[in-house]
Amino acid sequence: MAPHATTTTVPDCKNIPHSHRLPVTHREVVRTLGKLSRLSLISLAQQWLMKKNRDFCPPYLLADQDPNDVDVEDQYDPAHSCDELLETYKVLGARKGGKREVLDRILEGDWRTGISMYQLATAEIQHLLDHPTALRWTAKRLAKIPNSRSAVHDMEVTNDSDHLPRFQAQTFMANLARELTPLMKAHYLLMRLKTMPITILRVYIHDSPYSTEQSLATETSSSDGAKAVFFIWPNGSPFVYSSLATHLGQVVGDDGRHLRDIVQQAIPKAFSRPSARYQLASTNFTARSLDALLTYRGPGKSNGAAGGFSIFQDHSFSQNALDFITSQKTDDAEKSGAGGEKAGPGRPKRALDDAEAPEAKRRREVAEGRFGTSAKPNDGQGLDRFEVRIDDPFPPIPNSAARADGDTSDLNAQPANRSRRGRPSLLDRSAAEIEEIQDRADEAWVPDVRVTFQGPHVFAGIRQLVEQGVVDGEKMPGWMTGEAGVTIGAVKNGRIRTKDRVPGV
Amino acid sequence: MEALDCEINDIHARIADLRAQRANLSAILLSQPHLPTRLSQRPVANERRRLHAAKLAKTQHNRNLENVYRACAGITAYKVKDPDPHAIDNGMILGVRIDVSIRDEFVETYHVLFVRPSAKNKSLLRIHKHTIPPCVALQPLANLWLPTRARDGEGAVEQNLVKFGRALRKELVSWHLRGAAVEKLRAAAGVTGTKDREEQKAGLAQGRVLNAFVSDDEDSEDEEEAAVRRNGPLKITAVDADISFRELSLLWSNGQTAIMKVTKDGDIEMAAVRTEQGARLSSVERKAKGRIEGLLERLAA
């Protein structure tokens, strides 16, 4: 860059490079690094100092020190080389201490001249890996836009046909930048993770016509919204998860949403090729936990077999075809059954449980049958929010059952009072309101009932309710086991409405 | 204390071994061909025990029969019941099970569960649940062989469950075979990924940054190290493949890279090989075409 670039800044069409730095007092820097634990900070610093990354995050070394301006009060002496610093952080990592010590060393010592965009991005990804439930993700599917000319071709399954969008990092980045740079300046970091089968894209949005370091540093104090957006591609699947990188308690403003939408709209365009255009289709799935996302919208076997159908994912339904041993299995089942009871939530009330042991055992077996191997409290696949709207006719109340039964039997094959008893916990909240207007009920009265479940692990909670006998496990509708694999849906005829396509692909 | 722990672990391992042995022996015993007849004919002291034994023999017999069918046919069907009180068609579900065997073992079992959504046309099936990974083309196959509604116009797709099953099994088996071939290739090339593993052990690297273009010829690498790497014997340092094993990327010690497109039955169809400076190596590209299995031999030739 020309030396006079600092004086004349012109709007341009460039991305923000990895090496541009933010001052250490910048709000984003303080917030992002402040969230990390001591261990993560040390590991990050070591990562930044590795040879291949040094270009993007040069530390402040003795050679950088201005000899005329040696500050005696300086708390941290600049190191001689990167390797020396690497050693320093190794020593820091080996001993115990507070997080503050490392944070101060990074911000006021070794990177006092600024934290580069690369460092900020890796720090935020590190936080995401440390706290996989920190953000709220929406899963979308990259779907091919049907085209009359290629429709026949798309149907084919040949030796070299490809039904998933191909992900080429370089091409994708170039396309995405081409879509976005006229609208905004942004810093991109695309990373293939080692610990999880996913690829993360972080877009740091810089709402300014300039891409210089100076313009980055000036805080646009007007909005406090999130400045970064995350996208995740689970490897080998057509899904994309998107999320705003919010800090704890930060409100997602309209600005933030708008910026995310712009990036989101650019993503299918960046994937598209001539004669293969993609769009993002909703999959009705939002969750906090990345593990849950990978289970319900991931690359594995579990997408199309959630809830009670989880038994088909592993060998609990059908053993290996060469496994002829029948006795071992029963032994195991007894053992795990006993273990489950011991570790179960009912343990504190053992005396009570013992009294009604056969009943409790039966309920546990019913729950086992309905939920299969899913919805275990500690499986890490918890959905935090599950919403349904019930579009079924309201079940008739008992005293008018004779009249209503005759009327609704053709609408709904199930006896109406059965479905009522099956969902007590669902309807009890709005029952009061509904009973106020019950006298106006005619045979196909469909009130707008919406039910929301919230908690750290919604379906594990329902499973526990079944085991405790609060919810009748046998009459409970299937969507309460999570087998529909959505977090928002409408219930019709006791089932979540689905489109006429294969689930989970 | 440690010795005691060690001993306890040993004993646990022995117990597990003996248990497995007992289970194996009991399976063999229960599989005796004339066992049920003998059980029913000979007089016994305890009638309940006899019934129990007959039940066990029956279970074993069923299992043996099921396994023989599964192992020989590859695709088997079964019926299950959905416990959901609101399930379509009263919870009647037709399951199709596909067992995939690679070399000498069955590596994975996949299920596709069908329901009959339409009360009028009882023979019409729809995929209800399945455990097919998304990198296998289930939706296009379903479009081909399983129409969602009975259309009576011309050009209507006819439902053909057998063809669907065959095509799906072919996709699944070829996916596993490609995976096994790539694994073999890795082993043959001696790619262990030592550097990555070291980094991982140290817990340093989060992952590989894909849009970081570091200029290699600058001081990012020690001169001598680079020289050793360049002048040393030419070998493959990394073999990467995507999850569906349709794209293979190779990296050589001299900085040469290759990306290869693999067809579903394991042929390398196209290859792009470039030197570190970015020049195409069309001679190597031509050599690369062919089966995955012989790739190294072809490249070395």
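The values are calculated or read from the model by the stated rules, or taken from the named source; none is laboratory data. Here the structure is a predicted model, which means the values were calculated and not measured. All Cβ positions, even for glycine, are placed from backbone atoms using ideal geometry, and neighbour counts span all protein chains on display.
Kindly indicate whether B:V44 is under 25 Å from B:H130 (Cβ atoms) and among the β-branched types (V, I, T).
Values: under 25 Å from B:H130 (Cβ atoms): no; among the β-branched types (V, I, T): yes.
Criteria not met by B:V44.
With respect to the stated conditions, B:K58 is in contact with a helix residue (DSSP H, G or I) (Cβ under 9 Å, 6 or more places away or on another chain), more than 9 Å from every other protein chain (Cβ to nearest Cβ) and closer than 22 Å to A:T326 by Cβ. Filtering A:K499, A:K492 for residues that are more than 21 Å from A:N303 (Cβ to Cβ), modelled with pLDDT under 85 and more than 9 Å from every other protein chain (Cβ to nearest Cβ) leaves a single hit, A:K492.
Looking only at the stretch A:121-148, how many residues end up being among the β-branched types (V, I, T) and over 26 Å from A:I16 (Cβ atoms)? Residues meeting the conditions: 2. Within the stretch A:71-120, take every residue that is basic (K, R) and in a helix (DSSP H, G or I) and give me the one that is farthest from A:R21 (Cα to Cα). Top of the filtered list is A:K90. For the stretch A:83-120, which positions are over 18 Å from A:S40 (Cβ atoms), more than 14 Å from chain B (Cβ to nearest Cβ) and without any contact (Cβ under 8 Å) to a residue 24 or more places away in the chain? Of everything in the stretch A:83-120, just one residue is over 18 Å from A:S40 (Cβ atoms), more than 14 Å from chain B (Cβ to nearest Cβ) and without any contact (Cβ under 8 Å) to a residue 24 or more places away in the chain, namely A:E84.
Of all residues in the stretch B:60-100, those satisfying the criterion of being assigned to a helix (DSSP H, G or I) and free of Cβ contacts under 8 Å to residues at least 24 places away in the same chain are B:N62, B:R63, B:L65, B:E66, B:N67, B:V68, B:Y69, B:C72, B:A73, B:N90, B:G91. Among the residues of the stretch B:101-117, just one is farther than 16 Å from B:V136 by Cα, of a type in the set (D, E) and either more than 10 Å from chain A (Cβ to nearest Cβ) or assigned to a strand (DSSP E or B) (or both), namely B:E105.
One line per residue, one yes/no per condition, for (1) at pLDDT 80 or above; (2) part of a strand (DSSP E or B); (3) closer than 20 Å to A:T158 by Cβ; (4) out of contact with any helix residue (DSSP H, G or I) (no Cβ under 7 Å at 6 or more places or on another chain):
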{"site": "B:N121", "(1), (2), (3), (4)": "no, no, no, yes"}
{"site": "B:I132", "(1), (2), (3), (4)": "yes, no, yes, no"}
{"site": "B:V136", "(1), (2), (3), (4)": "yes, no, yes, no"}
{"site": "B:P140", "(1), (2), (3), (4)": "yes, no, yes, no"}
{"site": "B:K170", "(1), (2), (3), (4)": "yes, no, yes, yes"}
{"site": "B:S174", "(1), (2), (3), (4)": "yes, no, yes, yes"}
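Looking across the stretch A:447-458 at every residue that is assigned to a strand (DSSP E or B) and crowded, with 17+ Cβ neighbours inside 10 Å, the one that is farthest from the other protein chains (Cβ to nearest Cβ) is identified as A:F453.
Out of B:Q206, B:Q277, which single residue is crowded, with 18+ Cβ neighbours inside 10 Å and modelled with pLDDT under 90? Result of the check over B:Q206, B:Q277: B:Q206. Filter the stretch A:464-483 for residues that are of a type in the set (A, V, I, L, M), buried (at least 19 other Cβ atoms within 10 Å of the Cβ), more than 10 Å from chain B (Cβ to nearest Cβ) and part of a loop (DSSP other than H, G, I, E, B) and give the result. The answer is A:V471, and nothing else.
Would you confirm, using the coordinates I've provided, whether A:R403 is farther than 30 Å from A:P132 by Cβ, part of a helix (DSSP H, G or I), at pLDDT below 75 and within 14 Å of chain B (Cβ to nearest Cβ)?
Values: farther than 30 Å from A:P132 by Cβ: yes; part of a helix (DSSP H, G or I): yes; at pLDDT below 75: yes; within 14 Å of chain B (Cβ to nearest Cβ): no.
Criteria not met by A:R403.
The lone criterion from (1) assigned to a loop (DSSP other than H, G, I, E, B); (2) modelled with pLDDT of 70 or more; (3) away from every other protein chain (no Cβ under 13 Å) left unmet by B:P147 is number (3).
Listed here are the residues, each with its yes/no results for (1) within 12 Å of another protein chain (Cβ to nearest Cβ); (2) at negative phi; (3) in contact (Cβ under 8 Å) with a residue 12 or more places away in the chain; (4) in contact with a helix residue (DSSP H, G or I) (Cβ under 8 Å, 6 or more places away or on another chain).
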| residue | (1), (2), (3), (4) |
| --- | --- |
| B:K235 | no, yes, yes, yes |
| B:D240 | yes, yes, no, no |
| B:I243 | yes, yes, yes, no |
| B:S249 | yes, yes, no, no |
| B:K261 | yes, yes, yes, no |
| B:I268 | yes, yes, yes, yes |
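When the stretch B:79-121 is examined, which residues are found to be surrounded by fewer than 18 Cβ atoms within 10 Å (Cβ to Cβ) and touching a Pro at 6+ places or on another chain (Cβ under 9 Å)? Across the stretch B:79-121, the qualifying residues are B:D89, B:G91.
Would you say B:Q32 is under 30 Å from B:I98 (Cα atoms) and at pLDDT 90 or above? Judged against the criteria, B:Q32 is not a match.
Residue by residue through the stretch B:19-54, note down the ones that are within 11 Å of another protein chain (Cβ to nearest Cβ) and exposed (fewer than 15 other Cβ atoms within 10 Å of the Cβ). B:R19, B:A20, B:Q21, B:R22, B:N24, B:L25, B:I28, B:L29 - these are the residues of the stretch B:19-54 that are within 11 Å of another protein chain (Cβ to nearest Cβ) and exposed (fewer than 15 other Cβ atoms within 10 Å of the Cβ).
All conditions but one from (1) at the interface with another protein chain (Cβ under 8 Å from one of its Cβ atoms); (2) exposed (fewer than 15 other Cβ atoms within 10 Å of the Cβ); (3) polar (S, T, N, Q); (4) not in a loop (DSSP other than H, G, I, E, B) apply to A:N159; the one that does not is (4).
Just to be sure before I move on: is A:R277 crowded, with 17+ Cβ neighbours inside 10 Å and either over 14 Å from A:L142 (Cα atoms) or more than 11 Å from every other protein chain (Cβ to nearest Cβ) (or both) in the structure I sent? Talk me through it step by step, then tell me what you get.
Values: crowded, with 17+ Cβ neighbours inside 10 Å: no; either over 14 Å from A:L142 (Cα atoms) or more than 11 Å from every other protein chain (Cβ to nearest Cβ) (or both): yes.
Criteria not met by A:R277.
Sort out which residues of the stretch A:295-316 are more than 7 Å from chain B (Cβ to nearest Cβ) and not in a loop (DSSP other than H, G, I, E, B), and write them in order of number. Let's see the steps before the verdict.
Looking only at the stretch A:295-316, we keep the residues that are more than 7 Å from chain B (Cβ to nearest Cβ), and these are A:295-298, A:302, A:306-307, A:310-311, A:314-316.
Hits for the stretch A:295-316 are A:T295, A:Y296, A:G307, A:S310, A:I311.
B:V262 - would you say it is under 26 Å from B:A180 (Cα atoms) and over 29 Å from the mean Cα position of the chain (by Cα)? Spelling it out, it is not the case that B:V262 is under 26 Å from B:A180 (Cα atoms) and over 29 Å from the mean Cα position of the chain (by Cα).
With the requirement that a residue be of a type in the set (D, E) and surrounded by 21 or more Cβ atoms within 10 Å (Cβ to Cβ), what does the stretch A:105-126 give you?
Hits for the stretch A:105-126 are A:D110, A:E124.
Taking A:G461, is it on the phi > 0 side of the Ramachandran plot, more than 14 Å from chain B (Cβ to nearest Cβ) and at pLDDT 85 or above? Spelling it out, it is not the case that A:G461 is on the phi > 0 side of the Ramachandran plot, more than 14 Å from chain B (Cβ to nearest Cβ) and at pLDDT 85 or above. Scanning the stretch A:288-299 for any residue that is in contact with a His (Cβ under 7 Å, 6 or more places away or on another chain), crowded, with 21+ Cβ neighbours inside 10 Å and either modelled with pLDDT under 85 or not small (G, A, S) (or both) turns up nothing. The number of residues in the stretch A:193-208 that are touching a residue at least 40 places away in the same chain (Cβ under 8 Å) and outside any loop (DSSP other than H, G, I, E, B) comes to 8.
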